[in-house]
Amino acid sequence: MKIRSLKEQYEIQSKCLKERLDILLPEVMFNSQADMWIIACKEYNEDPLFRALTPPDYPTARRITMFVFVKEEDYIHRYSLSMPDESLELYYEPYYKHGKETQMDALNRLLKKYDPEKIAINTSMNFSFNDGLSMGIYTMFLENLSEKWLDRMICDDFLAIKLMELRTPTEMQMMPEIMEVAHSIMEEMYTTNTIHPGVTTCDDLVWFMKEKVNQYGLEYWFEPTMDLQRENGTSTRMEHCVIEKGDLLHCDFGIRYMNMCTDTQRLAYVAKDNEESIPEKLKQGMKVGNRFQDIVLENLKPGRTGNEVFTASLKQAKEENIQAVLYSHPCNMYGHGPGPTIGLYSQQEEIPVKGDVEVSNNTCYALELNVTVDSIVYYLEETISVTDKGARFLYKNRDQITLIK
């Protein structure tokens with residue numbers, strides 16, 4: 001495993017930003033009715049879209065950071081109506097005459113120049129990723145823009161969703177490396193160097209994952225978890241539960257590295273004194289889980305909605321007598337990222353609106369699900385990619401239970 005230098009990380013993230021603006025932004029804009037798209041946010045109250053539009057050396061908004069995208073024939077203009085910044089000027093054309101006018105003056109000039117019929121702003125009743133416009137900035141619009149422009153403002157949920165969901169060519173290329181970093185931590189944890197039956201607790205392993213992330217200068221986007229199941233039917237996430245021989249361990253772990261997220265769950269078995277391999281019944285249960293993973297991948301096709309993938313997958317599982325639960329989600333620059341919802345853990349039914357988003361190529365998902373075989377629940381989660389060549393797993397050994405002996 002290699003952790004890239006901070007300089008390398010910045011270079012890769014900057015390359016990804018250029019690709020997002022040059023390749024993906026025109027794609028999503030030309031699929032929208034909007035003629036203009038305004039994104040504005042305050043320092044320390046950034047729009048969720050902010051991290052998709054800014055370079056790594058611009059970590060927060062400055063006072064008010066404002067970008068405006070404008071369609072003109074087959075071209076997308078990218079303007080910054082923000083305070084002067086050399087980093088932003090590599091990607092955006094400065095439009096705001098700082099010190100000579102207000103940002104609202106600059107926005108009015110831009111609106112007058114292009115006279116857009118439909119102006120998208122980031123407000124949404126349905127999606128948090130497209131609801132980043134604060135009430136304060138919206139009030140500024142109300143007070144400083146004419147009714148003409150206010151009447152033309154629209155919400156287009158899919159602008160923000162797709163701009164963040166779609167992966168750039170470099171991001172798709174980098175994802176296996178990102179996965180290797182995440183898995184190396186879990187693989188180091190699932191060893192006899194770390195796990196001592198009768199002594200080590202679930203909480204010890206949670207702290208191991210968190211400390212490793214901190215040691216490598218990374219971040220986890222959710223608190224990692226560890227739980228276990230025992231032969232007597234006990235299943236617990238009690239922090240101080242001591243791990244014993246014969247336990248089936250389950251971790252849930254995800255990192256953010258170079259503005260990309262992983263989300264993976266892996267199983268391990270703590271061997272008893274007389275055992276040299278994983279018990280056959282656990283191997284067979286894992287095969288059932290892998291089969292359900294394959295079923296979902298077969299149904300995860302571009303153009304289908306998340307709800308269609310969910311319903312078709314569970315229907316096929318039922319036909320094959322698999323007791324399954326499905327709750328997969330996009331995994332991109334956010335772990336529970338923008339894109340189609342494919343079931344929820346606590347809601348095994350089609351999800352209105354969020355489940356109606358269509359699957360797209362060049363995306364990544366956390367293939368999250370579980371199956372129950374002989375009263376044992378196999379919680380599985382693998383980060384995968386979807387391209388025009390199909391869906392594929394981004395890391396090895398998804399069919400393995402790690403043996404700890």
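The values are calculated or read from the model by the stated rules, or taken from the named source; none is laboratory data. The shown structure was predicted, so the numbers you read here are calculated from the model rather than taken from an experiment. In this analysis, Cβ positions are derived from the backbone assuming ideal geometry, glycine residues included, and neighbour counts consider all displayed protein chains. Side chains included, ligands, DNA and RNA excluded: accessible areas come from the protein's heavy atoms. Shrake-Rupley method; radii C 1.70, N 1.55, O 1.52, S 1.80 Å.
Working out 0.36 nm times the residue gap between residue 347 and residue 315, then minus their Cα-Cα distance, what length gain in nm do you get to one decimal? Walk me through the numbers on the way to the answer.
On the way: separation 32, 0.36 × 32 = 11.52 nm, distance 1.59 nm.
This chain segment gains 9.9 nm when fully extended.
With every atom except the alpha carbons ignored, what do you get for Rg and Dmax of the chain, in angstroms?
Using the Cα atoms of the chain, the pair Rg, Dmax is 23.8, 80 Å.
Average projected area of the Cα convex hull of segment 249-385, in nm²?
Details: hull surface 36.0 nm².
Its Cα hull, projected and averaged over all orientations, spans 9.0 nm².
Whose amide H sits under 5 Å from the amide H of residue 305, counting only residues 5 or more places off or on another chain, with H placed in the peptide plane?
Amide H neighbours of residue 305, under 5 Å, 5+ apart: 359.
Mind listing the Cα extents of segment 85-197 along all three principal axes, in Å, largest one first?
69, 35, 26
Please compute the alpha carbon radius of gyration of segment 310-405, then divide it by the globular-protein estimate 2.2 N^0.38 Å. Two decimals is fine. Numbers along the way, then the final one.
Details: Rg = 14.2 Å, N = 96, 2.2 N^0.38 = 12.5 Å.
The value comes to 1.14.
Build a GNM of the chain with springs between Cα atoms under 10 Å: which of 302, 279, 55 gets the top mean-square fluctuation?
Of 302, 279, 55, the most mobile in the Gaussian network model is 279.
What is the extension gain from residue 323 to residue 108, computed as 0.36 nm multiplied by their sequence separation minus the C-alpha to C-alpha distance, in nm to one decimal? Please list the in-between numbers first.
On the way: separation 215, 0.36 × 215 = 77.40 nm, distance 5.85 nm.
The residue 323-residue 108 span can extend by a further 71.6 nm.
Would you mind working out the accessible area per residue for the chain, using a 1.4 Å probe, and quoting it in Å²? Walk me through the numbers before you get to the answer.
Working: 18220 Å² over 405 residues.
It amounts to 45 Å² per residue over the chain.
Less than 13 Å Cβ to Cβ from residue 123, Lys/Arg counted +1 and Asp/Glu -1: what total charge do the surrounding residues give?
-4
Putting +1 on Lys and Arg Cβ atoms and -1 on Asp and Glu Cβ atoms, find which of 33, 305, 135 reaches farthest to the positive end of the dipole of the chain.
Farthest towards the positive pole: 33.
Once the piece of chain linking residue 118 and residue 374 is laid out straight, how much longer is it, given 0.36 nm per residue of separation minus the C-alpha distance between them?
On the way: separation 256, 0.36 × 256 = 92.16 nm, distance 5.70 nm.
So the extension gain works out to 86.5 nm.
Would you work out the charge dipole size for the chain about its Cα centre, treating the Cβ of every Lys and Arg as +1 and the Cβ of every Asp and Glu as -1, and quote it to the nearest 20 debye? Mind showing how you got there, number by number?
On the way: 44 positive and 64 negative charges, 76 e Å.
Magnitude of the dipole: close to 360 debye.
For residue 97, give me every one of the aspartates and glutamates with a C-alpha distance below 18 angstrom, ignoring sequence neighbours fewer than eight places off in its own chain.
Here the aspartates and glutamates satisfying the reach criterion relative to residue 97 are 85, 86, 89, 105.
Would you mind checking the pairs 287/354; 7/71; 283/389; 210/281; 15/354; 283/318 and listing those with alpha carbons more than 24 angstrom apart? Please list the in-between numbers first.
Numbers: 287/354 31 Å; 7/71 34 Å; 283/389 30 Å; 210/281 32 Å; 15/354 30 Å; 283/318 21 Å.
Correct reply: 287/354; 7/71; 283/389; 210/281; 15/354.
How large is the helix-only mean residue ellipticity at 222 nm for the chain, computed as the sum of -39500 (n - 2.57) over DSSP H runs with n ≥ 4, divided by its residue count, in deg cm²/dmol to the nearest 500? All intermediate terms of the calculation are to be shown ahead of the outcome.
On the way: 12 runs with 132 residues, N = 405.
Roughly -10000 deg cm²/dmol at 222 nm, from the helical runs in the chain.
Taking square-rooted eigenvalues a ≥ b ≥ c of the alpha carbon gyration tensor, is segment 126-277 rounded, prolate or oblate, where a/c under 1.5 means rounded and, failing that, a/b exceeding b/c means prolate? Spell out each step's value before the answer.
Values: a/c = 3.37, a/b = 2.60, b/c = 1.30.
The shape class here is prolate.
Can you give the convex hull volume of the alpha carbon atoms of segment 346-394 per residue, in Å³? List each step's numbers first, then the result.
Working: hull volume 5.1 nm³, N = 49.
About 104 Å³ per residue, rounded to a whole number.
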